[in-house]
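Okay, structure first, notes after.
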């Protein structure tokens with residue numbers, strides 16, 4: 001591994017979301033601002049979409065980390081469930097242990113009472129659903145029913161849907177048009193801008209312990225952006241492999257040739273693209 005070679009204490013370009021490495025790119029910050037404004041406005045449904053690898057899960061974790069003690073937060077990483085199992089998962093996240101044999105209306109009744117109890121404690125409930133595009137239409141409708149739970153003053157539950165663009169296609173189905181109408185705030189996440197890429201790499205390297213001069217040359221940065229299109233996950237994969245290539249040659253800086261080698265070794269990069277830029 002190249003850690004000692006580059007003076008690092010840990011890998012700087014892992015693909016597992018880690019809020020310590022969160023970088024406030026323009027699109028990421030705009031999405032976070034949208035979430036916070038929507039929450040302060042008391043909206044029941046909020047939607048964040050973005051392509052694979054744009055940092056939706058990182059954003060979700062960062063958002064949850066910003067919530068103060070007046071919030072009760074819950075997180076559902078896999079909503080690809082039928083309505084009843086989905087409601088049971090929601091109940092479990094809210095601290096309820098219910099019988100799997102209960103009917104849907106009973107589950108909603110129990111969840112409603114739990115939300116009322118939390119409201120009496122001064123808590124605002126925020127429920128984040130990751131990979132929401134995987135949820136069946138019937139389950140999305142079950143979530144909409146939960147959004148009906150409210151007092152005369154405010155919503156008892158705020159649902160935040162994080163998903164790939166396929167979520168927008170799914171929500172266009174007439175059977176969930178009522179849910180679509182409930183979404184007052186939404187944001188589409190984009191990748192890093194070209195002028196953000198160098199700062200992004202520097203930030204992650206600094207967090208990982210690097211204190212030297214820039215590792216990636218300007219030609220390497222240009223090539224890295226051409227291959228990744230600014231998608232953070234692809235940037236991380238390519239940067240990691242490019243540093244491995246430089247390490248293999250005993251180099252302390254990453255050049256264009258190393259990024260080219262990384263692209264040839266990455267299935268997410270189309271062969272035609274790296275041949276063209278190679």
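The values are calculated or read from the model by the stated rules, or taken from the named source; none is laboratory data. Here the structure is a predicted model, which is why all the values come from computation and not from measurement. Positions of Cβ are backbone-derived with ideal geometry, glycine not excepted, and every protein chain shown enters the neighbour counts.
What's the number of the only condition in (1) touching a helix residue (DSSP H, G or I) at 6+ places or on another chain (Cβ under 8 Å); (2) surrounded by fewer than 18 Cβ atoms within 10 Å (Cβ to Cβ) that residue 93 fails to meet?
Only one criterion in (1) touching a helix residue (DSSP H, G or I) at 6+ places or on another chain (Cβ under 8 Å); (2) surrounded by fewer than 18 Cβ atoms within 10 Å (Cβ to Cβ) is unmet by residue 93, namely (1).
Cβ-Cβ distance below 7 Å, separation of 6 or more or different chains: which pairs start in segment 243-268 with a residue that is under 14 Å from residue 228 (Cβ atoms) and assigned by TED's automatic domain parsing to the domain that holds residue 221 and end on one that is modelled with pLDDT under 95 and in a loop (DSSP other than H, G, I, E, B)?
260/278; 263/269
Restricting to segment 158-193, name every residue that is touching a helix residue (DSSP H, G or I) at 6+ places or on another chain (Cβ under 7 Å), assigned to a helix (DSSP H, G or I) and either closer than 27 Å to residue 40 by Cβ or not assigned by TED's automatic domain parsing to the domain that holds residue 46 (or both).
Across segment 158-193, the qualifying residues are 167, 171, 176, 178, 179, 180, 182.
Listed here are the residues, each with its yes/no results for (1) in contact (Cβ under 8 Å) with a residue 12 or more places away in the chain; (2) within 24 Å of the chain's Cα centre (by Cα).
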site	(1), (2)
80	yes, yes
87	yes, yes
94	yes, yes
97	no, no
106	no, no
113	no, no
117	no, no
122	yes, no
125	yes, yes
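Just to be sure before I move on: is residue 55 closer than 30 Å to residue 247 by Cα, modelled with pLDDT of 90 or more and touching a strand residue (DSSP E or B) at 6+ places or on another chain (Cβ under 9 Å) in the structure I sent?
Considered against the rule, which asks whether it is closer than 30 Å to residue 247 by Cα, modelled with pLDDT of 90 or more and touching a strand residue (DSSP E or B) at 6+ places or on another chain (Cβ under 9 Å), residue 55 comes out as yes.
If I filter segment 25-54 down to residues being under 13 Å from the mean Cα position of the chain (by Cα) and assigned to a loop (DSSP other than H, G, I, E, B), which single residue comes out as surrounded by the fewest Cβ atoms within 10 Å (Cβ to Cβ)?
Looking only at segment 25-54, we keep the residues that are under 13 Å from the mean Cα position of the chain (by Cα), and these are 27-29, 31-32, 35, 47-54.
From what's left, assigned to a loop (DSSP other than H, G, I, E, B): 51-54.
Numbers: 51: 15, 52: 11, 53: 20, 54: 26.
Here the residue is 52.
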